[in-house]
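What follows is calculated from the coordinates using simple rules that are stated; it is not laboratory data. Note that the structure is predicted; figures quoted are calculated from it, not measured. Note that we place each Cβ from the backbone using ideal geometry, even for glycine, and neighbour counts take in every protein chain shown.
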Amino acid sequence: MSELNIVRLADYSKPAFGIDHHELQFYLQEDSVRVAHQQKIRRVQEKTDANGWTIEREKHLVLNGEGLELLSIAVNGKALESGQYRYENDLLTLFDVADEFVLETEVRIHPDENKELSGLYRSNGIYCTQCEAQGFRRISFTLDRPDVLATYRVRIEGNKQQNPVMLSNGDLEQHGDLGEDNYYSVWHDPHPKPSYLFALVAGDLAQVSRRITTAKGKKIELRIYTEAKFISQTDYAMQALVDSINWDEKRFNLSYDLNRFNIVAVSDFNMGAMENKSLNIFNTKYVFADIETATDADFHGIQAVIGHEYFHNWTGNRITCRDWFQLSLKEGLTVFRDQEFSCDMNERDIERINNVSLLRRVQFAEDAGPMRHPVQPQEYAAIDNFYTATVYEKGAEIIRMYHTIIGEEAFQKGMALYVKRHDGQAVRIEDFAQCMEDAGGYPFTKQFFDWYTTAGTPKVNFTSAYNQHNRHFTISAHQDTSAVSPARPLVIPIRLALISPNGRQYRFSDGSYSKLLMLDQTRGSWSFERGEEDLIPVLMMGFSAPVYYEHHYSNEELAVIVRHAPDGFARYEAMQISYRRLFMTALQKPLKTKDHAKDVAEMMMHVLANDKFSAGEKALLLALPSLDSLLPYLEAPIDMDKAVGAYERIVRIIALKMRRAWSDYLENDKEETQAKFSVRDAGIRALRAVAWRALAVFEDDSVGERLIKYYQEAQCMTERVNALDALMMRADKCREQALADFRQGFAEQPLVIDKWFALQAKDNCPEALERISALAAREDYHIGNPNRFRALIAPLTQMNPAIFHQGDGAGYRFVCTQIRRIILQNPQLAARLLGAFSSVSKLDEQRKTLARQELGALADIEGLSVDVREVLERLLNGLKS
Ligand code: ARG
Ligand code: ZN
């Protein structure tokens, strides 16, 4: 592979030119689109900026434009001669430009041939765009960078039969007929925005609309567009949108700023969704839901993603990023906002537990492998590779720490200040930190800021001690600075409670029952008066910082925490500690596994019988952690075969010990559930699923028959999927029967067929790879559809370590063979899925060698894109012996 061109934060300089306004005309033609573009450009005055950089007077203007067929180019109405400009290597240079002028360009693009799904593409007969981060340059020439903000007017002209709907950002200004079945519409967005927020949609789309008046009296027309046959599945998404709008007004005092808000759902989309100003474009997966075709998790995901994209309107759009190194400025903050939205709409403890578990499973793993990078990276080759769990999820944890440290009230003051100071600007993460510092009185721009520029997950060790003489109870903490790079102590907020074995809560001197400790050195220690010998520290309540942490709890203490801790995350974590210890025992002292399992099962039975917990919380507490979520806790090199063996052993032993309890539970379970989504019913269904998964381990036929019955009597998609999920653990007739029925019953629902693929990709029976390979060869494995392609590859690489990491390398070979099929046509998707190979870096030499061979062969392919090359380079470096 040739050298990659690296972009560095340190090299940032302000743009020498600004753009005031874009006029764009799109002519949708049979086999191509003509884009005429007038932009008002002016030189930014020579000056030094706040950082003391001189902005030099640039003679030439350089614009981005990728693979565009240039039809004409003019400045102030005069066509340019060949010596006045140059277009090569994706850059258009205009020589010796004036201080102010209008640039007119015309290009032709080919949306039907655009399989990268970036820029303007047409699939399923629908035109749509994806411009973040750098897709606009594939549509027309411009300064395609987030710190150039301009207003847009967009005129679209097309055939009425083919494109009865034609949309762009902002409000509809005009529309009219042009004869011969052609017509036009004109959209105007008065809010200056960077090019990455531009959007255009056209095609034969059905719509639903709803008019609302918000609490603040704002009237908005909401619309959702998609293919007619699925439009009936958009009610829940519409409700989620209404809820998002109301929530943002209520909790953040932020209101919508236009009269129209459109969502378009398309089936071929590389990511979840995109926050284009007033014209959000969504993957159908995050819009379509009814109880027959979507699981409770899907409903939840829709609410979260609709919220996320809507909340970007302020945190991302009105206030955007100065450069792409600031990506977490909008993403971390917006994830935090969507998490809080979900907390307020559903059950807070459950939300928090799920967020933490995702963070640990995905982000902690990322942070420990060759893809590791700080939340604010200092350099990249392809920005598309940095839409990661680190930027999003760890970024959200950092925002949560601001909130934890200064509290809701000061945090909201900080948000108000942020909006007041920076509305309409493209800013840095530092600017956000400064607002929070000014509002909250905590120095976020100092040591705390290191969270953004440090890679790796800190490790904290806790000890506690009691002094009989002065009755002081002392908590000490030590952070291992070598766990992060650069090595240094970070500011770690620790939310602490102390409870006695009977559950009584210790009252701190200020009268409260919990305390925030700030660990900002390598070591810290805090003493509390009037203590007692047997106090049990409940540490990191709510997971108050994104760290690994440990404390030597006895099993009895863990049981007390599960029963009495005043915090859902702490209760969950006490169970996780027990499960992890059991796994370690199985790995290191197999003979002791049984004894240990007895204690764990006892804790589990207490939880199951405890009416204090909701069914949903019980389900989270009682589900054994997946093997992939245990791997981050093992030291390298991991012996994968041993890990798989140990895991299977604990699953079996716990199932044996819990068999009776689960059977009784299912038998006596008389809870009524409705065939519709609700938090309560989702919790009940989740708990039943945990029981069924436990019972599915047992080979006897009666279990298979009962599972088939569970499948057949399913009230909704969640139950069907849960039944199949349990059946997948068994290589028997019942499983094949149910899978075949499922495939046939939902032939017309692509998102359900994706589930059918995904379920089987998690199969870890010994011959699973044969089955998965056969699936990949099917005609309905449409590799051009990212959801379908992912459905097989993502669960296999991320959730099925036994098969993916099979010792003979067949898993690696299979995945690379599949990736090869799309690597040139959809590099972004390929790059993303390849990231899963970072987990190999913790395994043995043999596996590393096998993976390296497969990845090396991919790297030899001619014509790879920058994003794929960057990922391959990082992986290959990480897999060196
Ligand atoms: N901004 C979008 C969101 O968070 C995601 C865009 C992802 N873009 C990319 N090139 N991966 O909702
Ligand atoms: Zn986002």
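The E550 and D780 beta-carbon pair, evaluated with R₀ = 51 Å, returns a calculated FRET efficiency of approximately 0.60. Highest average first, the peptides 466-477, 267-278 ordered by how many other beta carbon atoms sit within 10 Å of their residues are 267-278, 466-477. Cα centroid separation, the stretch 423-475 to the stretch 531-589: 23 Å. FRET efficiency for the E533 to D20 pair, using the beta carbon distance and R₀ = 41 Å, is estimated at 0.05. Here the gap between W526 and R504, fully extended at 0.36 nm per residue and compared with their Cα-Cα distance, gives a gain of 5.9 nm. For the stretch 830-881, evaluate the Debye formula with one uniform point scatterer on each Cα (no solvent term) and list log10 I(q)/I(0) at q = 0.32 Å⁻¹, rounded to two decimals. Log-scaled intensity ratios, in q order: -1.36.
Gap in Å between the Cα centre of the stretch 292-332 and the Cα centre of the stretch 727-806? Computed from Cα coordinates, the inter-centre distance equals 29 Å. Annotation: extensible slack from E379 through R821 equals 156.2 nm (criterion: 0.36 nm per residue apart, minus Cα-Cα distance).
Legend: calculated FRET efficiency, N877 to N668, from the Cβ-Cβ distance at R0 = 51 Å, rounded to 0.05, equals 0.35. Our Cα-only numbers for the stretch 284-405 put the radius of gyration and Dmax at 15.0, 46 Å. Ratio to report: Rg/Rh of the stretch 546-591, with Cα atoms as the point set and Rh obtained by the Kirkwood method; give two decimals. Ratio of gyration radius to Kirkwood radius: 1.02. By the count of neighbouring beta-carbon atoms within 10 Å, fewest first, M540, M166 end up ordered M540, M166.
Loop-resident chymotrypsin sites (Phe, Trp or Tyr not before Pro) (DSSP state other than H, G, I, E or B) in the stretch 59-109 with no more than 13 further Cβ atoms inside 10 Å of their Cβ: F95.
What is the stretch 736-862 by shape, rounded, prolate or oblate, if you read a ≥ b ≥ c off the alpha carbon gyration tensor as root eigenvalues and call it rounded for a/c under 1.5, prolate for a/b larger than b/c, and oblate otherwise? Judged from the Cα gyration tensor, the stretch 736-862 comes out oblate (a/c at least 1.5, b/c at or above a/b). Overall shape of the stretch 202-254 was characterised from the C-alpha gyration tensor. The equivalent ellipsoid obtained from it has semi-axes of 25, 11, 8 Å, in decreasing order. For the pair the stretch 6-47 / the stretch 129-185, the C-alpha centres are spaced 15 Å from each other. Here the scattering of the chain is modelled by Debye summation over its C-alpha atoms, one equal scatterer each and no solvent; at q = 0.09 Å⁻¹ the log10 of I(q)/I(0) is -0.98. Rounded, prolate or oblate: pick one for the stretch 106-195, where a ≥ b ≥ c are the square roots of the eigenvalues of its C-alpha gyration tensor, a/c under 1.5 means rounded, and failing that, prolate if a/b is larger than b/c, else oblate. Judged from the Cα gyration tensor, the stretch 106-195 comes out oblate (a/c at least 1.5, b/c at or above a/b).
Extending 7 Å from the Cα toward the beta-carbon at both Y466 and R652 defines two label points whose distance is 4.2 nm. Here the Kirkwood formula puts the hydrodynamic radius of the stretch 219-353 at 15.1 Å, using every distinct Cα pair. Working note: Cα atoms of the stretch 472-570, range along each principal axis, descending, whole Å: 43, 26, 20.
If you wrap the tightest convex hull around every Cα atom of the stretch 138-283 and split its volume per residue, you get 132 Å³.
The shape of the stretch 645-775 comes out oblate: with a ≥ b ≥ c from the C-alpha gyration tensor, a/c is at least 1.5 while a/b does not beat b/c. As a proxy for reagent exposure, ranking K115, K229, K394, K160 by other Cβ atoms within 10 Å from fewest up yields K229, K160, K115, K394. Projecting label points 7 angstrom from Cα along Cα→Cβ for S232 and L178 puts them 3.6 nm apart.
Checked against a 23 Å cut-off, the cross-linked pairs K40/K78; K193/K394; K733/K762; K219/K676 give Cα-Cα distances beyond that limit for K193/K394; K219/K676. Cβ crowding within 10 Å, taken as a proxy for footprinting-reagent exposure, orders V484, V102 from fewest neighbours to most as V102, V484. Cross-link reach is defined here as a Cα-Cα straight distance under 19 Å, omitting same-chain residues fewer than 8 places apart; for K848 the aspartates and glutamates meeting it are E366, D367, D628, E635, D639, D641, D808, D860, E870, E873.
Fully extending the segment from K40 to S482 would add 153.9 nm, taking 0.36 nm per residue of separation and subtracting the current Cα-Cα distance. Which value in Å is the Kirkwood Rh of the stretch 65-104 over different Cα pairs? With all distinct Cα pairs of the stretch 65-104 included, I get 10.8 Å.
May I ask for log10 I(q)/I(0) of the stretch 12-167 at q = 0.11, 0.15 Å⁻¹, from a Debye sum over the Cα atoms as equal point scatterers with solvent left out? Result of the Debye calculation: -0.46, -0.82.
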